[in-house]
Amino acid sequence: MKHNVVITDWGFPSLDIEKSVFASMDVELKHYQCKTEDEVAKIVSDADVVMVQWAPVKEKAIDAMSRCKGIVRYGIGLDNIDVSRAKEKGIPVRNVPDYCLSEVADHTMALMLSLQRQVSRVDKLVRQGVWKITPPLALPPLRQSVLGLIGFGRIAQLVAKRARAFDMKVVASDPFIPPNIFDEAGVGKLEVDELLRTSDIISLQCPLTDGTKHIINQDALKAMKRHALLANTSRGGLIDTTALISALKSNTIAGAALDVFEQEPLPMENELFDLPNVIITSHTAWYSSASVGELQRRAALAAAELLGK
């Protein structure tokens, strides 16, 4: 019996890796570029497995699945999939939790270092003809800075390891990680409120859930030090963008480095583009020449496993 594997959307150079994984199986691979849930709902009715990158696979789309054996997310996060509804319908949901860990940790450090050392800001000034041997902001040196990680999963632990090489003190908040993991990493365990008050740099390393949505809001921003810097390579919805813009404009905090946003692509009219104390990258933290193929291969293998059940 031929199996239908439906890819709702994808952003890779090709689907050759998926085709090679399914080559020995009786699979018809159908691929689309859906952007809305209505578009997804129209193409998944006869899917045996649905593979999704960014498209929304919510209740309407899941209810349209008549024989689906599983949904596979190209990536780590599952916030574009209604996992609860899938569970109600008995449809397993898989992700690729262990790829691009080092890439995201490296990108996080790159953003934090550029922000803290004011690299991009000074670069812009020099290009405008301003040559000063001191940067615009007075910030403590890294060796005297406290890095606060909100979330202490695998990526955050890699960030902590890198930060400690710069002699930073590292603290983290995560109710789901046992104390011995903090101890083994040499990282102090704090509640979020205390972490916000005491950290010089704060990096978001947690998933987007109902409990973490807008964890960085107006109150959180006011609790931070005025020279505090904020980095986000996890999910845009962790930050209330309107509150962040207000805090940056009023110098409530000193700066932000962001790879993810509540709306992507980030609209060009967004005020973040106009602020000198912001670094923006386009959701590229996950990428390396190795991570792309690894993501495709592992997602396809997860789909193949679901088909075999």
Of the residues Arg85, Arg143, Arg127, which is assigned by TED's automatic domain parsing to the domain that holds Asp9 and basic (Lys, Arg)? Arg85
Screening Asp106, Asp46, Asp79, Asp38 for residues that are in a loop (DSSP other than H, G, I, E, B), of a type in the set (D, E, K, R) and within 26 Å of the chain's Cα centre (by Cα) leaves only Asp79
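Looking only at the stretch 293-303, decide whether some residue is outside any helix (DSSP H, G or I) and modelled with pLDDT of 95 or more.
Initial filter on the stretch 293-303 (outside any helix (DSSP H, G or I)): none.
Within the stretch 293-303, none of the residues are outside any helix (DSSP H, G or I) and modelled with pLDDT of 95 or more.
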Say whether the condition of being closer than 26 Å to Leu190 by Cα, modelled with pLDDT of 95 or more and in a helix (DSSP H, G or I) is met by at least one residue in the stretch 122-143. yes
Where residues in the stretch 57-97 are touching a Pro at 6+ places or on another chain (Cβ under 8 Å) and of a type outside the set (A, V, I, L, M), which of them is farthest from Glu37 (Cα to Cα)? Lys69
Return the only residue of Leu248, Leu230 being part of a strand (DSSP E or B), assigned by TED's automatic domain parsing to the domain that holds Asp174 and aliphatic (A, V, I, L, M). Leu230
Scan the stretch 97-108 for residues that are surrounded by fewer than 21 Cβ atoms within 10 Å (Cβ to Cβ) and either touching a Lys or Arg at 6+ places or on another chain (Cβ under 7 Å) or farther than 18 Å from Arg162 by Cα (or both) and report the count. 3
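The values are calculated or read from the model by the stated rules, or taken from the named source; none is laboratory data. Being a predicted model, the structure only gives us computed values, none of them experimental. Cβ coordinates were reconstructed from backbone atoms using ideal geometry, including for glycine residues, and neighbour counts include every protein chain displayed.
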